[in-house]
Amino acid sequence: MGRFSYNDADNYGTSSSNTYFSLKNDGDVASVRFMYNNMNDVEGYAVHQVEIGDRKRYVNCLRDYNEPKSKCPFCEAGSKQLAKLFVPVYDENDGTIKIWERGKNFFAKISGICARYAKDDISLVSHTFDIERHGKAGDTQTTYEIFETGRDDTRLEDLDEVPEVIGSIVLDKSAEEMNYYLDNDEFPEEGSRPTRRNNSNEQIRRRTPA
């Protein structure tokens, strides 16, 4: 649970040792390859955002959109379910794989790109694209233009392995660990058995993550 496909995207909310991809200023451009063969490789993730110390992290949601909120303690406590894509891109400039964090609306963009370029047994990763930022730093209305710039015989297996999202970028926590967080504003130490106090629902709502 926590993952969803393009067909299920509308059923989820709106909108890390890994290197994140970003273009910081208006007009910045980067050349990349999307680390997908085709649209079947593209996955979304239903997550919650929590604070751990002075950092914000994502945690895997434990329920599908059509399941009751009781399946996930964070949902039941009122934490907003967020729909995210963590798009792996190969940065042609420095030869590294980076993660581009996008909202669920990016499904439509990447679907259009796959429809045009990932067909007739041609893998999407064999194409290079320029991504150009339109919007100043901090502008919430920033948009990105994506232009295909070339094609070769590159395959996914020719490049480094794509990092696993669950367990690294998105923390994979059990219901017991979530309940512990709601009681203590932190997750239990690795290897310990989480226990929780008998807090009321009102106490849990006050402790709910952002």
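The values are calculated or read from the model by the stated rules, or taken from the named source; none is laboratory data. Computed from a predicted structure; not experimentally measured. Ideal geometry is used to build each Cβ from the backbone, glycine not excepted, and the neighbour counts take in all protein chains shown. Ligands, DNA and RNA are stripped out before the accessible areas are found, and what is left, the full protein with its side chains, is counted by its heavy atoms. Shrake-Rupley method; radii C 1.70, N 1.55, O 1.52, S 1.80 Å.
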Task: Residues within the range 105-127 that are open to solvent by less than 50 Å² (accessible area, probe 1.4 Å) and under 18 Å from the mean Cα position of the chain (by Cα), tallied - done: 4
- [ ] Return the total of residues in the range 145-167 being among the small types (G, A, S) and open to solvent by 30 Å² or more (accessible area, probe 1.4 Å).
- [x] 1
Task: Residues being under 18 Å from the mean Cα position of the chain (by Cα) and assigned to a loop (DSSP other than H, G, I, E, B) - total across the range 63-75 - done: 3
Task: Criterion: farther than 20 Å from P163 by Cα, at pLDDT below 95 and surrounded by fewer than 20 Cβ atoms within 10 Å (Cβ to Cβ) - qualifying residue of D26, D8 - done: D8
TODO: Please verify whether the range 79-90 includes one or more residues that are charged (D, E, K, R), in a loop (DSSP other than H, G, I, E, B) and at pLDDT 95 or above.
DONE: yes
- [ ] Being of a type in the set (S, T, Y) and within 20 Å of S22 (Cα to Cα) is the filter here, so list the residues in the range 138-162 that pass it.
- [x] T140, T142, T143, Y144, T149
Open item on the list: Just the residues that are in a loop (DSSP other than H, G, I, E, B) and over 23 Å from the mean Cα position of the chain (by Cα), please, taken from the range 137-154.
Closed with: D152, D153, T154
Open item on the list: Quick check on the range 177-185. Is at least one of its residues open to solvent by less than 70 Å² (accessible area, probe 1.4 Å), at pLDDT 95 or above and either basic (K, R) or assigned to a loop (DSSP other than H, G, I, E, B) (or both)?
Closed with: no
Task: Members of the range 49-62 that are among the hydrophobic types (A, V, I, L, M, F, W, C), buried (at least 19 other Cβ atoms within 10 Å of the Cβ) and in a strand (DSSP E or B) - done: V50, V59
Open item on the list: I need a count of the residues in the range 63-81 that are open to solvent by 30 Å² or more (accessible area, probe 1.4 Å) and within 30 Å of D185 (Cβ to Cβ).
Closed with: 10
TODO: State yes or no: is R102 among the charged types (D, E, K, R), within 20 Å of D172 (Cα to Cα), open to solvent by 20 Å² or more (accessible area, probe 1.4 Å) and assigned to a loop (DSSP other than H, G, I, E, B)?
DONE: no
TODO: Go through the residues of the range 57-65 one by one and say whether even a single one is touching a Gly at 6+ places or on another chain (Cβ under 8 Å) and more than 27 Å from E177 (Cα to Cα).
DONE: no
- [ ] Would you check which residues across the range 76-100 are within 17 Å of L182 (Cα to Cα) and under 18 Å from the mean Cα position of the chain (by Cα) and list them?
- [x] S79, K80, Q81
